[in-house]
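The values are calculated or read from the model by the stated rules, or taken from the named source; none is laboratory data. Quick caveat: nothing in here was measured; it's all calculated off a predicted structure. Positions of Cβ are backbone-derived with ideal geometry, glycine not excepted, and every protein chain shown enters the neighbour counts. Quick note on the areas: whole protein, heavy atoms, side chains included, nothing else; ligands and nucleic acids left out. Shrake-Rupley method; radii C 1.70, N 1.55, O 1.52, S 1.80 Å.
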Amino acid sequence: MTDLWQDPRETPEARVADLVPRMTLREKVGQLSGIWWLDPEAGGMAPMLRETLGPQPDWDELVQDGLGQLTRTFGTAPVAPREGMDLLARRQRDVVAANRFGIPAQAHEECLTGLAVWGATVYPSPLCWAATFDPDLVQRMGARIADSMRALGVHQGLAPVLDVVRDARWGRVEETLGEDPFLVGLMGSAYVRGLEEGGVVATLKHFLGYSASRAARNLAPVSAGPRELADVFLPPFEMALRAGARSVMNSYTDIDGVPAAADPELFTALLRDQLGFEGTVAADYFSVAFLESLHRVAADLGEAARLALEAGIDVELPSPKAYDAPLLAAVTAGLVDEKTVDRAVSRVLRQKCELGLLDPGWAPVEPADVDLDDAESRALALEVAQRSIVLLANDGALPLREGVKVALVGPRADTPQAMQGCYAFPMHVLVHHPEVDDGLTIRTVREALAETYGLSYAPGCPVLGGDDADLAAAAATAAAADVCVVVLGDQAGLFGRGTSGEGCDVPDLRLPGRQEELLEALIETGTPVVAVLLVGRPYDVSRLAPRLAALVCGFFPGEEGAQAVADVLSGRVNPSGRLPVSFPDSGSTQPWTYLSPTLGRLTDVSSVDPTPLFPFGHGLSYASATWGAVTATSGSRWDTDGTCEVEVELANDADRAVSEVVQVYLHDVSSSVVRPVQQLVGAARVDLEPGAATTVRFTLHADLTSFTARDLVRIVEPGPVELWVGASSADVRGVVALDLAGSSRQVGHDRVLEPEVTLTSR
């Protein structure tokens, strides 16, 4: 007879309630951690790895009471899909056979730029997703990544990153979706829907406020107040949870002295009690142990386990450190209530139940030949890359003419690494295995451009250093050409081994190394210079940008990024990306985003001008939509519990397809607390064939105007507001003045988070 907990006809809650009382304490604790089989001598992926990971436990002993997760079976070293599937299947069979209940482990992998596995498609970075302003496209990408993960037997992906950029000097900017909470939430929730509808658990990172670390230093303390946390950092998580995310990962940092991993106000009061989250909270790697070793709020690992478990951290990753013997000892000594363990293991088992891991007859995915980089995936990677390239400036030099002699220069012009961020498998893992090839084809800008143009080439200088730079040779190459295309940017890496990436924070936003010096030398030749930036963050190029013929930006555009760049430069693709982060003007050591109040902008009381060189939402095209009227069809009154409708007329009078991103910003004329001058509340990408016309209608609920008031309660406040509608935060095409009328109204986490957008052809 089948026990209730094994019966798929019963609810997960009933099955878990039947199973947990049957388990010993050791069996419960066994479900609360993963295992990462990594040689700390060879890995080199993180500092303090050897000390924190410790000696590898005996496998048979480890799994005898059950195991919660298997950490990065595919994503730790270069293994072919079939080989990795065989390894995962063997480990799963060991886990099932060893524990009394036959419960398999939940397998997770990184998937920030696609599945981080040898030979899997490297998609564009999250900044590229955001630059598309195309959530449907990002959802399709997420679904495609989920297909690959499910085919391998992987259950959970550690993405997306929902941290809102506050200071571009932070190394992890490349992993984010930009500096606006609505855009981050819009694109992040689209990715979540793709993963979750594909049967993979999405993990939201990093709860909460991680990107506000002081001086943009990784893991540094966070000084954000409760209003900034509620109005800037929290909304993307609210949107992504509503999209169906089933896992959340904590931030490494502390907020006002309390580490996130030890904060029940974050993970119990806020995430669970207020937001209603019922999934699992996974510890970012080693963050439970860090409560003892780095934050020093725990005297030992047992106390660290208590703090994290009571806060609401259900699973310790990547390997058992505190949620093992130290936790068992703490429970035995009466320092941790076993009911707290029961709470965590119930959540873990409920998720395993949802994944089918508790069903009779479950079996691991057997090894097979799986193509992780097929034509459909590459085509999708190309589409995302093409729609993410941002044309920042152009004096008419682009698109390049047919037959033009092109000098191609720069440290990023002839390397596939220029296309990839720090979590792409070749950059994250293969850099430690130089004897292994990438397992896929990633072309360079030089290779892609050479298909269309005659090229002369000179590297000029490296990304960093410069002893081997030859600026004179690069300048001579440029002088002999009709136009010079210089490809500059970042070297993605981890913990100081690059110019962008986790732990690669910078003191200012000047281009790395001697790249600005190279750019100066090229401009001095008098040959028109087109600069292409392949970067993980915005840089201060204000001194030289006015002297360039054109400026193009791609935020690590993935394995098809070189083709996308060549398509834009040649004019085969009409550029349509929009900036998810502002590019600074002079004064690049000044942290700044467009979400600033009046006194955060240019004033007479400070000599520092924070006005960006290229603002949030900016992007040019070779042909653009013609804007018509911007009107409020619902009148000037906007009830505090109602909706308003704003319409924008667009037409394509050009002889080629165009793509416009209509952006709607809220401007609160006056409010009871200081508010940003403007904040994005709606956006729509509109594609128009030649001769087509459409009306874009935004139906905006008054909830979208809400903010956290003085008493820290979120309200919709009556009073005058304006909707600024335009092509960027600085390119406003129409202003709609409205009166929020009625009573002040408190709103909660069930409020409306997005406008409704409809397109009507004319």
Please verify whether the range 441-460 includes one or more residues that are more than 29 Å from the chain's Cα centre (by Cα) and closer than 22 Å to S500 by Cβ.
yes
Criterion (at negative phi and without any contact (Cβ under 8 Å) to a residue 40 or more places away in the chain) met by exactly one of D468, D508:
D468
Scan the range 595-614 for residues that are buried (at least 17 other Cβ atoms within 10 Å of the Cβ) and touching a Ser or Thr at 6+ places or on another chain (Cβ under 6 Å) and jot them down.
P612, L613
Limited to the range 215-233, what total is found for residues that are assigned to a helix (DSSP H, G or I), open to solvent by 50 Å² or more (accessible area, probe 1.4 Å) and farther than 12 Å from R166 by Cα?
2
Might you let me know whether the range 32-47 holds any residue that is assigned to a helix (DSSP H, G or I), in contact (Cβ under 8 Å) with a residue 24 or more places away in the chain and crowded, with 18+ Cβ neighbours inside 10 Å?
no
Of the candidates V696, V757, V677, V661, the one satisfying the condition of being part of a loop (DSSP other than H, G, I, E, B) and either out of contact with any Lys or Arg (no Cβ under 7 Å at 6 or more places or on another chain) or among the hydrophobic types (A, V, I, L, M, F, W, C) (or both) is V677
Taking the range 65-101 only, how many residues are of a type in the set (A, V, I, L, M), open to solvent by 10 Å² or more (accessible area, probe 1.4 Å) and part of a loop (DSSP other than H, G, I, E, B)?
3
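Restricting to the range 550-584, name every residue that is of a type outside the set (S, T, N, Q) and out of contact with any helix residue (DSSP H, G or I) (no Cβ under 9 Å at 6 or more places or on another chain). Write out each step before concluding.
Keep residues of the range 550-584 that are of a type outside the set (S, T, N, Q), which gives 550-562, 564-569, 571-573, 575, 577-581, 583-584.
Correct list: G571, P584.
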Could you please find all residues in the range 90-114 being within 14 Å of the chain's Cα centre (by Cα) and closer than 16 Å to A77 by Cβ?
E110
Could you tell me whether the range 360-380 includes any residue that is more than 30 Å from S659 (Cα to Cα), among the small types (G, A, S), open to solvent by 30 Å² or more (accessible area, probe 1.4 Å) and not in a loop (DSSP other than H, G, I, E, B)?
no
Of the conditions (1) out of contact with any Gly (no Cβ under 6 Å at 6 or more places or on another chain); (2) not in a helix (DSSP H, G or I), R172 fails just one. Which one is it?
(2)
Collect the residues in the range 547-594 that are open to solvent by less than 10 Å² (accessible area, probe 1.4 Å) and more than 27 Å from S624 (Cα to Cα), keeping them in residue-number order.
E559
Identify, by number, the condition in (1) surrounded by fewer than 24 Cβ atoms within 10 Å (Cβ to Cβ); (2) on the phi < 0 side of the Ramachandran plot that D180 doesn't meet.
(1)
Hey, does the range 108-115 have a residue that's surrounded by fewer than 24 Cβ atoms within 10 Å (Cβ to Cβ) and on the phi > 0 side of the Ramachandran plot?
no
Enumeration of residues in the range 245-298 that are open to solvent by less than 30 Å² (accessible area, probe 1.4 Å) and part of a loop (DSSP other than H, G, I, E, B)
A245, S251, Y252, T253, D263, F277, G279, A283, D284, Y285, F286, A298
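Matching residues to (1) open to solvent by less than 10 Å² (accessible area, probe 1.4 Å); (2) in contact with a helix residue (DSSP H, G or I) (Cβ under 6 Å, 6 or more places away or on another chain); (3) among the β-branched types (V, I, T):
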| site | (1), (2), (3) |
| --- | --- |
| L680 | yes, yes, no |
| E689 | no, no, no |
| A692 | no, no, no |
| R697 | no, no, no |
| L700 | yes, no, no |
| T708 | yes, yes, yes |
| V713 | no, no, yes |
| E717 | no, no, no |
Search the range 730-755 for residues being open to solvent by 80 Å² or more (accessible area, probe 1.4 Å) and under 19 Å from H667 (Cα atoms), and hand back the single one that is farthest from the chain's Cα centre (by Cα).
V735
Of all residues in the range 422-446, which are over 15 Å from V532 (Cα atoms) and either basic (K, R) or touching a His at 6+ places or on another chain (Cβ under 9 Å) (or both)?
C422, R443
Need the failing condition index for L430 against (1) open to solvent by less than 20 Å² (accessible area, probe 1.4 Å); (2) at pLDDT 95 or above, just the number.
(2)
List, please: which pairs have Cβ atoms under 9 Å, are six or more places apart or on different chains, and start with a residue in the range 381-392 that is over 20 Å from F583 (Cα atoms) and end with one that is open to solvent by 10 Å² or more (accessible area, probe 1.4 Å) and polar (S, T, N, Q)?
L382/Q563; Q386/Q563
